[in-house]
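First up is the structure itself, then whatever we jot down about it.
The values are calculated or read from the model by the stated rules, or taken from the named source; none is laboratory data. Here the structure is a predicted model, which means the values were calculated and not measured. Areas reflect the complete protein model, heavy atoms only, side chains present, ligands, DNA and RNA absent. Shrake-Rupley method; radii C 1.70, N 1.55, O 1.52, S 1.80 Å.
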Amino acid sequence: MKLAFSTLGVPGLPLTDVLALARTHGYHGVELRAHPEEPVHPGLTAAQRADAAASFASAGVDVLGLAGYARVAAPGADEPVIAEIRALLDLARDLGAPFVRVFPGGGTGQSPEEADATAARRLGTAAEYAADLGVRILLETHDSHRTGADAMRVLGLVGHRQVGALWDVMHTWLGGEQPAESFAALSPHLGYVQVKDIASADDTTPLPLGAGVLPLSDCVEILSRHGWDGWLCWEYEKRWYADAAPLPDLLAPGREHLSRLLNESA
């Protein structure tokens, strides 16, 4: 498996510094938070996109994916959501990123069936555009569809190879799902896996990998046992927790922890 980290952990950091961190600490790729607060977002010009892609290429670091914020199950009209996804897909194509992350984002006033149908309809429409660009849309286990079983209800309705799953191990755990259950649900559609650690279900402040309660060893063991050779991406949510320790100081021990889990599972 290859290792990456998300720029959610280094909010606003210039791309050159992000790439230096990846190279220095032995990460193969970076997940880019695609938001106007960040150096990379859909508002970039063609020249800026080309410069960003060239920076990754010269550093020998992969753009794992774009972490977008489109909410595919959200109430309202379809077209703004589909347009948001298409903008992310265009940016991913220009940067050479294979994946775009979207959230479920179902509303409290919807039935689960309505949220599932809304998400599937929008993802199915966007999938054709994604196929033309060679980019895959990944529905993250998050918010209204926290578990693998929740995500599979949508993915089963979509039934398109360009739409898959992003396994956030914190959310499936918070949803009461065991890693084996999450993998069984998501494995036919799995794009990559986001790892992290927290103190408890009531305190989700990000911690160094291995310092909290999330079943990371179980997740890695299950992935290894089934021969999965994709990406593990550390999503350290510094942007939402200002008092959390700085990520740069944790990157080396985090990589060592993941490497140790991979060796043990092998």
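Do you know which of the residues in region 121-158 that are open to solvent by 10 Å² or more (accessible area, probe 1.4 Å), among the small types (Gly, Ala, Ser) and part of a helix (DSSP H, G or I) is nearest to Arg71 (Cα to Cα)? The extreme case among them is Gly124.
Checked against (1) at pLDDT below 95; (2) under 26 Å from Gly230 (Cα atoms), Gly109 passes all but a single condition, namely (2).
When you check Pro253 against the structure, is it within 23 Å of Glu38 (Cα to Cα) and either over 18 Å from the mean Cα position of the chain (by Cα) or at pLDDT below 95 (or both), yes or no?
Details: within 23 Å of Glu38 (Cα to Cα): no; either over 18 Å from the mean Cα position of the chain (by Cα) or at pLDDT below 95 (or both): yes.
Criteria not met by Pro253.
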